[in-house]
Amino acid sequence: MTDFVIQPSPQPPAMLFDLDGTLIDSVYQHVLAWQQALSAFELDLSVWKIHRRIGMSGGLLVTALLRETGGSLSAEQVRALNLAHAEAYGQRRDTVRPLPGARELLATLTEHRVPWAIATSGLAIAARPALDMLGLPADTPLITRDQVRFAKPDPDLFLAAAARIGTDIRTAVVVGDSIWDLLAARRAGALGVGLLSGGYGREELERAGAYRVYTDPADLLLHLDEVGIRRDPV
């Protein structure tokens, strides 16, 4: 008779979160900030066209938007445009709020010892105030554009986030609201989960690689078992 050995249950997968549109309700503030910054450089674009690029790094976003207008900017002007966007977003920061369930989701993961980190295409100067907004300590694992060579849709941010918390990216779950998050997750070799809270549609997120799509962090919290995270019974 063959003896079967029951292996211990594997550790829950780590979760890597985008920030804007995933944990905080800030996508449209970024869209309007980009529109204001672009207008200062006499580059006029409809807000919907700008929205389609939110989630990319600032440099890639500007390159993509310049293709839309047929304009051109020097490297110095691109840097100035990014700074103008950061200033315009700062003027709107007091209207940004955590998305429904974001605080509760992160607290639940921490309570159940599920490793997690945040990886954002934004600069640290824009991202760090969000930690206070979410009620998170200053030492929260946070990877920003300043810390990697390339931002989304390249996988660098998520790879760096996985390394920061000591997890294998191939067993991690990446949660994002844009197709750029999910493309980056796919290239990193992680499982992608989409949220509708950034304005992209369900089919768009699924085509970009989302295994599951939920409304917002609160909806994801209700369905953690579907992404392989089991909470201890009460």
request  = For Tyr200, work out the one condition from (1) in contact with a strand residue (DSSP E or B) (Cβ under 9 Å, 6 or more places away or on another chain); (2) under 19 Å from Pro115 (Cβ atoms) it doesn't fulfil.
outcome  = (2)
Among residues of the range 134-154, those that are without any contact (Cβ under 8 Å) to a residue 24 or more places away in the chain and not hydroxyl-bearing (Ser, Thr, Tyr), counted = 7
request  = Name every residue in the range 10-26 that is of a type outside the set (S, T, N, Q) and either out of contact with any helix residue (DSSP H, G or I) (no Cβ under 9 Å at 6 or more places or on another chain) or not in a strand (DSSP E or B) (or both), in order of residue number.
outcome  = Pro10, Pro12, Pro13, Ala14, Asp18, Leu19, Gly21, Leu23
ask   = If the Cβ limit is 8 Å and pairs must be 6+ apart or interchain, which residue in the range 59-72 that is among the polar types (S, T, N, Q) pairs with which residue that is surrounded by 14 or more Cβ atoms within 10 Å (Cβ to Cβ)?
value = Thr69/Leu43; Thr69/Leu45; Ser72/Leu66
inquiry  = For Arg79, only one of the following conditions fails: (1) closer than 26 Å to Leu183 by Cα; (2) modelled with pLDDT under 75. What is its number?
reply    = (2)
message = Can you tell me how many residues within the range 127-151 are under 13 Å from the mean Cα position of the chain (by Cα) and either exposed (fewer than 15 other Cβ atoms within 10 Å of the Cβ) or among the charged types (D, E, K, R) (or both)?
response = 1
task = Scan the range 42-60 for residues that are in a helix (DSSP H, G or I) and modelled with pLDDT under 80 and jot them down.
result = Gly58, Gly59, Leu60
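Tell me the residue from Leu157, Leu131 that is in contact with a Leu (Cβ under 8 Å, 6 or more places away or on another chain), of a type outside the set (Lys, Arg), outside any loop (DSSP other than H, G, I, E, B) and free of Cβ contacts under 8 Å to residues at least 60 places away in the same chain, please.
Checking each option against the conditions leaves just Leu131.
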Matching residues in the range 168-180 - criterion: being out of contact with any Gly (no Cβ under 6 Å at 6 or more places or on another chain) and closer than 18 Å to His51 by Cα = Gly176, Ile179
message = Condition check: modelled with pLDDT of 95 or more and either of a type outside the set (Phe, Trp, Tyr) or assigned by TED's automatic domain parsing to the domain that holds Asp216 (or both). Does Ile125 satisfy that?
response = no
remark   = Of the conditions (1) over 25 Å from Ile179 (Cα atoms); (2) at pLDDT below 80; (3) assigned to a helix (DSSP H, G or I), the single one that Ser39 does not satisfy is (2)
query = Any idea which of Val96, Val78, Val114, Val47 is of a type in the set (Val, Ile, Thr), in contact (Cβ under 8 Å) with a residue 60 or more places away in the chain and either closer than 17 Å to Thr144 by Cβ or surrounded by fewer than 18 Cβ atoms within 10 Å (Cβ to Cβ) (or both)?
reply = Val96
request  = Return yes when Ala80 is among the hydrophobic types (A, V, I, L, M, F, W, C), within 17 Å of Leu19 (Cα to Cα) and not assigned by TED's automatic domain parsing to the domain that holds Ile143 and no when it is not.
outcome  = no
query = Looking only at residues in the range 81-126 that are more than 17 Å from the chain's Cα centre (by Cα) and assigned to a loop (DSSP other than H, G, I, E, B), which one is nearest to Leu157 (Cα to Cα)?
reply = Val114
query = With respect to His30, is the statement that it is crowded, with 20+ Cβ neighbours inside 10 Å, outside any strand (DSSP E or B) and within 17 Å of the chain's Cα centre (by Cα) true?
reply = yes
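The values are calculated or read from the model by the stated rules, or taken from the named source; none is laboratory data. As the structure is a computational prediction, the values presented were derived from the model and not from experiment. Note that each Cβ is placed from the backbone with ideal geometry, even for glycine, and that neighbours are counted across all protein chains shown.
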